[in-house]
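The values are calculated or read from the model by the stated rules, or taken from the named source; none is laboratory data. Remember, predicted model here, so these are calculated numbers, not experimental data. Positions of Cβ are backbone-derived with ideal geometry, glycine not excepted, and every protein chain shown enters the neighbour counts.
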Amino acid sequence: MHGRLYAIIVKEMWALLRDPRSRLILVLPPFLQLFLFGFATTLEVKNFDVGVYDRDGGRWSQEFIERLGGSPNVGRIVSLSSPQAVRAAINERAVIAVVMFDQRFSADLSAHRPAVIQAVLDGRRSNAAQIVAGYLGVIAAGMGAEMVADAGASAAGSRSETVISHWYNPNLDYLWFTMPALIVVLGTVSGLAMTAQSVARERELGTFDQLMVSPLRVHEILIGKMVPPLVIGLLNAALYVILIPTVFGVPLTGPVLLFFLALVVYLLALIGVGMLVSAVSLTQQQAFLGSFLVTVPMTLLSGYATPVDNMPAWLQVVAQADPSKHFLVVSEGVFLKAMPPVEILVNTWPMAVIGLVTLSAASILFRSRME
Amino acid sequence: MRPSFSLRRLYAMLLKESLQILRDPSTFLIAFVLPMIMLFFFGYAISLDPTRTRIGLALQDSSAPALSLAQAYENSRWFDVSGARDVATLKRELVAGRIRGIVVIPQDFSRQLQSPGGSAQVQVITDGALPNAAGFVAAYAEGVRATWAARQLAGDGAASGEPLELVPRYWFNPGLSSHFFLIPGSIVIVMTMIGTLLTALVVAREWERGTMEALLATPLTMTEFLATKVLPYFLLGLGSMTLCTLLAVFLFGVPFRGSVLALFAISSAFLVPALGQGLLISAVTKNQFMASQVALLSAFLPSMMLSGFLFEISSMPRIIQWITYVVPARYLVPSLQSVFLVGDLWRTFLRDIAVLLLFGAVFFVLALRATHRRIA
């Protein structure tokens, strides 16, 4: 039996690696994706352009505009001279926000009357707009606080303050979150597609029937089909684990060996899902589109694009069945949080259950198809 | 000399393609089930709007001010607070990701508060592994403290009120629902799937099975061939887009302020480069597995990540910003969001349509050349 298993594994590895173009597509994209998407996929809002419609033109509006220009997050400041120009600038996305000062702005502030800055923001990008409004509000509050302090009106009574420390990622560098998450997401996207198509391709070309009538048992065929995606997935992840701390400077603080153990379990769970898809599809097209249909919700539920915490309660329950969700916790934990072994195992066993269920279901389906 | 274009041949081929589409359940899945799944996720499940965040509160002082501040945290609508006496327990929860932040009201809180010149410190520890959630916890924890402090002052009879305040108004989406921009964005993904992925797969299958050579040996001209490969998927893409729009407007309450004409004009313009890219990929790879991988990498992932649909382009490094200029979806996302939320902005629409058609022309020329080379 070992001879047969060995033979089928060699055959599957050959099938995958024989074609130079397919070797390239297995190795090159992971590199490109890591660099491209690592830097691109940030939910931070930086370098945005702001319009200014200044009907005041006084000392304090100038002061605010200077502070705005001094903010590291603001890109260009665009001077606008009419309400029509404001509308056009927002509509055409020349700016994401416009701050507006009315004629009495400086006069009010000089007379110690409370003043208001109107800001118009592009609600088409409501998420970025809110963050921009936050930045602008901080600048206004800072300027107001300094004016109060200058006037000597600071309260002498009781004082309290908030001291904030961000653990695991002191500067809240978004890249530190993205990099460990990309191991998970890119693994899901390529792992599922690769597994689902390998069986479907043989089925479409008719060679799967030949495999079935060979002395190979069903489970041996399945193991043979599982090895290439497992090997490729492990190699890609190993590459990432080397590149992420060295090139991108993201700390790797947890136990690496346990990370790879969890990774193997995660890949097996993914392969199980891929096998299920290929068990129900007849052609490569069906397998690919089917695996895609599974990939999208799995990625969205993993917590990569939006935190699982933000989802409705019932969906958080559904997300428990998503191996990517569990492995994302492990990956972030091992890289950033020096996650203790117990916590890694706590997040690994659900993936083992998912893998066991999907793989046994797939092998039952294959057996029943054979008869 | 055979005529370069024959309606009869075109009709026959269109019939063949359409039957092929209708017979395969996976086409139906991708054109109608996937959009519904995506809209469902973006409409209900995925939200970038802040909700209640779980935090831990370590209350180490039992004086009246400390208790009232703790009360303020518990009453905040932004936090789900679980209490503990010591920080060590909460730290374990933070590592495990069960809470996203820790607020510590230290032992000497009220003493510092009452000592002249002293400053009572509230410590806030966040889970920096999730930078956005961490920033949110920090900002709102400080907000709760500031409001509490202002109330305390007001209780003492001191006047409060900001000397300078910024009042934001959000045009087009005053309620700030993130699904107003996520749903139009997901339409882009769906059209990319149909235009590029599906077309690439279908044509690659013809190459792989050798039926392509058979087709090319028929009197079918290249123009007819492209038309028959492209038209059915073009219509499928528009159909799927229409379904998405109807669901978005009637089920998810996304406003539709532009015109139907503009919506179809922009969508049709996007489908041209999408289909062209699909044909090009299939002509170059001639193999379904390769075609699917290349389409995934060059069409789906860029549409998702580099189009400005989820991630702000201006925040990306300069080099990546340049790369986004060659992602067709980058020109569709803003126009589509405008058609839904703003109205007809024909000046920008026409500019985007022109760019998209240009991309389309380039892809089609390349696809034609790749096909020709293959036959020769």
(request) Kindly indicate whether any position in region A:232-244 is over 28 Å from A:TYR174 (Cα atoms) and among the aliphatic types (A, V, I, L, M). (result) no
Of (1) touching a helix residue (DSSP H, G or I) at 6+ places or on another chain (Cβ under 9 Å); (2) within 29 Å of B:ARG347 (Cα to Cα); (3) more than 8 Å from every other protein chain (Cβ to nearest Cβ), A:PHE48 satisfies every one except (3)
Among the residues of region A:214-236, are any within 14 Å of another protein chain (Cβ to nearest Cβ), part of a loop (DSSP other than H, G, I, E, B) and buried (at least 16 other Cβ atoms within 10 Å of the Cβ)?
no
Please verify whether region B:319-330 includes one or more residues that are assigned to a helix (DSSP H, G or I) and surrounded by 24 or more Cβ atoms within 10 Å (Cβ to Cβ).
-> yes
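Residue-wise test of (1) in contact (Cβ under 8 Å) with a residue 40 or more places away in the chain; (2) surrounded by fewer than 20 Cβ atoms within 10 Å (Cβ to Cβ); (3) among the aromatic types (Phe, Trp, Tyr); (4) assigned to a strand (DSSP E or B).
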{"residue": "A:ARG67", "(1), (2), (3), (4)": "yes, yes, no, no"}
{"residue": "A:ARG76", "(1), (2), (3), (4)": "no, yes, no, yes"}
{"residue": "A:ALA89", "(1), (2), (3), (4)": "no, no, no, no"}
{"residue": "A:ARG93", "(1), (2), (3), (4)": "no, yes, no, no"}
{"residue": "A:ILE117", "(1), (2), (3), (4)": "yes, no, no, yes"}
{"residue": "A:ILE131", "(1), (2), (3), (4)": "yes, no, no, no"}
{"residue": "A:GLY134", "(1), (2), (3), (4)": "no, yes, no, no"}
Residue count, region A:180-206, condition closer than 14 Å to B:LEU301 by Cβ, modelled with pLDDT under 85 and more than 11 Å from chain B (Cβ to nearest Cβ), comes to 0
The condition from (1) within 30 Å of A:LEU182 (Cα to Cα); (2) buried (at least 19 other Cβ atoms within 10 Å of the Cβ) that A:VAL52 misses is numbered (1)
Scanning region B:114-130 for residues that are at pLDDT 85 or above and farther than 20 Å from B:ARG85 by Cα, the one farthest from the chain's Cα centre (by Cα) turns out to be B:GLY128
Here the residues within region B:101-128 that are under 25 Å from B:THR53 (Cα atoms), more than 7 Å from chain A (Cβ to nearest Cβ) and in contact with a helix residue (DSSP H, G or I) (Cβ under 7 Å, 6 or more places away or on another chain) are B:GLY101, B:ILE102, B:VAL103, B:VAL104, B:ILE105, B:PHE109
By residue number, the members of region B:129-151 that are within 17 Å of B:SER63 (Cα to Cα), touching a helix residue (DSSP H, G or I) at 6+ places or on another chain (Cβ under 8 Å) and within 7 Å of chain A (Cβ to nearest Cβ) are B:ARG145
By residue number, the members of region B:314-333 that are over 22 Å from A:PRO30 (Cα atoms) and at pLDDT below 90 are B:SER314, B:SER315
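Every residue in region A:33-58 that is outside any loop (DSSP other than H, G, I, E, B), within 16 Å of the chain's Cα centre (by Cα) and either farther than 30 Å from A:PRO307 by Cα or among the hydrophobic types (A, V, I, L, M, F, W, C) (or both), please.
A:LEU34, A:PHE35, A:LEU36, A:PHE37, A:PHE39, A:ALA40
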Note to self: Based on this model, can you work out whether B:PHE340 counts as in the same structural domain as B:LEU182 (by TED's automatic domain parsing) and either at pLDDT 90 or above or among the charged types (D, E, K, R) (or both)?
What the structure shows: yes
Of A:GLY58, A:GLY3, the only residue that is away from chain B (no Cβ under 11 Å) and loosely packed, with under 13 Cβ neighbours inside 10 Å is A:GLY3
Residue under question is B:PRO328, and the condition is that it be within 7 Å of chain A (Cβ to nearest Cβ), of a type outside the set (A, V, I, L, M) and out of contact with any Asp or Glu (no Cβ under 6 Å at 6 or more places or on another chain); does it hold? no
Exactly one of B:PHE340, B:PHE349 is touching a residue at least 40 places away in the same chain (Cβ under 8 Å), at the interface with chain A (Cβ under 9 Å from one of its Cβ atoms) and over 22 Å from B:LEU197 (Cβ atoms), and that residue is B:PHE340
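Looking for whichever is under 30 Å from A:ARG125 (Cα atoms) and not β-branched (Val, Ile, Thr) here; the options are B:ALA96, B:ALA72, B:ALA31. Which one fits? Please lay out each step first, then the result.
Numbers: B:ALA96 fails: under 30 Å from A:ARG125 (Cα atoms); B:ALA72 fails: under 30 Å from A:ARG125 (Cα atoms).
Testing whether each residue is under 30 Å from A:ARG125 (Cα atoms) and not β-branched (Val, Ile, Thr) leaves just B:ALA31.
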Flagged in region A:312-334 as among the aromatic types (Phe, Trp, Tyr) and free of Cβ contacts under 8 Å to residues at least 40 places away in the same chain, in numbering order, are A:TRP314
Checked B:LEU164, B:LEU216, B:LEU231, B:LEU176 against criteria (within 11 Å of another protein chain (Cβ to nearest Cβ), of a type outside the set (Phe, Trp, Tyr), in contact (Cβ under 8 Å) with a residue 12 or more places away in the chain and over 19 Å from B:ALA295 (Cα atoms)); the one match is B:LEU176
How many residues of region B:244-294 are among the basic types (Lys, Arg) and either crowded, with 23+ Cβ neighbours inside 10 Å or not in a loop (DSSP other than H, G, I, E, B) (or both)? The answer is 0
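For the structure I just gave you, tell me whether A:GLY303 is outside any helix (DSSP H, G or I) and either at pLDDT 90 or above or out of contact with any Asp or Glu (no Cβ under 7 Å at 6 or more places or on another chain) (or both).
For A:GLY303, the condition - outside any helix (DSSP H, G or I) and either at pLDDT 90 or above or out of contact with any Asp or Glu (no Cβ under 7 Å at 6 or more places or on another chain) (or both) - is met.
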Of the candidates A:LEU121, A:LEU28, the one satisfying the condition of being more than 26 Å from A:PRO307 (Cβ to Cβ) and of a type in the set (A, V, I, L, M) is A:LEU28
Here the residues within region A:282-315 that are over 13 Å from B:PHE41 (Cβ atoms), within 7 Å of chain B (Cβ to nearest Cβ) and polar (S, T, N, Q) are A:GLN284, A:GLN285, A:GLN286
Given the conditions (1) within 12 Å of chain A (Cβ to nearest Cβ); (2) at negative phi, every one holds for B:VAL365 apart from (1)
Expected single match for assigned to a helix (DSSP H, G or I), touching a residue at least 12 places away in the same chain (Cβ under 8 Å), in the same structural domain as A:LYS337 (by TED's automatic domain parsing) and out of contact with any strand residue (DSSP E or B) (no Cβ under 8 Å at 6 or more places or on another chain) among A:VAL273, A:VAL296 is A:VAL273
